[in-house]
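Q: Structure below; questions to follow.
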Amino acid sequence: LNELHRSEPDLIPVLQRRASDWCQEHGLPEASLEYAMAAGDVDTVARHFMSLAVPTHRQGRIGTVERCIRWLQERGGVDGYPMVAVLASMLSALTGQTVAAERWADVVDRWHDDATRPDDPTAEAWAALLRSLLCRHGVERMHADADQGIRRFADIGFVTPTPVLMQGVARVLSGDLAGGD
């Protein structure tokens, strides 16, 4: 690499992209992510981040997740990938970083309110769940967002109990203890 850097530095990102592709094809997604980052391939990093963020976070490797988020943000990698912002907000909230969670939720809201954006049912489902989790606009809106999350997850065939849990929490917060139960 040192020789290549000296003689033909333009080939280094090409090799890194090839290494990223090879690692992905051979079941090494994290190595693929690292090579994609080294190559400056924002699209590939965003796609890998979306599949690796939750399991990496669950392993307690929060610094790795935060590094990827920063890397994507610095390179405009959130535009066009609303799930990156959704995951960044959720993971920030889970780690007690409320300012970051709110900032990322604002990005998600701007995406959601953009009438010209392409349809993304998966991101819509997760965005509804995020809005209900953060309860930024009151309990009634929290309940409506949880309802929307349930419908949207059903539409994409994804099963998760969290929107139903949020629906129950919203009911309890609004005084409907029996409905919340």
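The values are calculated or read from the model by the stated rules, or taken from the named source; none is laboratory data. A quick note: this is a predicted structure, and the numbers were derived from the prediction, not measured. Ideal geometry is used to build each Cβ from the backbone, glycine not excepted, and the neighbour counts take in all protein chains shown. Just the protein is used for accessible areas: all its heavy atoms, side chains included, with ligands, DNA and RNA removed. Shrake-Rupley method; radii C 1.70, N 1.55, O 1.52, S 1.80 Å.
Q: Filter the stretch 153-162 down to the residues that are in a helix (DSSP H, G or I) and open to solvent by 30 Å² or more (accessible area, probe 1.4 Å), then identify the one that is farthest from Leu94 (Cα to Cα).
A: Asp155
Q: Identify the residue in the stretch 1-49 that is surrounded by 19 or more Cβ atoms within 10 Å (Cβ to Cβ) and β-branched (Val, Ile, Thr) and, among all such residues, is farthest from Gln73 (Cα to Cα).
A: Within the stretch 1-49, the match that is farthest from Gln73 (Cα to Cα) is Thr44.
Q: Inspect all residues belonging to the stretch 71-88 and state whether any of them is within 30 Å of Leu177 (Cβ to Cβ) and either among the hydrophobic types (A, V, I, L, M, F, W, C) or buried (at least 16 other Cβ atoms within 10 Å of the Cβ) (or both).
A: no
Q: Looking only at residues in the stretch 125-138 that are open to solvent by less than 50 Å² (accessible area, probe 1.4 Å) and touching a Gly at 6+ places or on another chain (Cβ under 9 Å), which one is nearest to Ala46 (Cα to Cα)?
A: Ala127
Q: Out of His143, His112, His137, report the one residue that is at pLDDT below 90, over 20 Å from Thr56 (Cα atoms) and touching a helix residue (DSSP H, G or I) at 6+ places or on another chain (Cβ under 8 Å).
A: Sole residue among the options that is at pLDDT below 90, over 20 Å from Thr56 (Cα atoms) and touching a helix residue (DSSP H, G or I) at 6+ places or on another chain (Cβ under 8 Å): His112.
Q: Related question: Suppose the filter is closer than 19 Å to Tyr81 by Cα and crowded, with 21+ Cβ neighbours inside 10 Å; does Ala105 pass it?
A: So Ala105 fits the description; yes.
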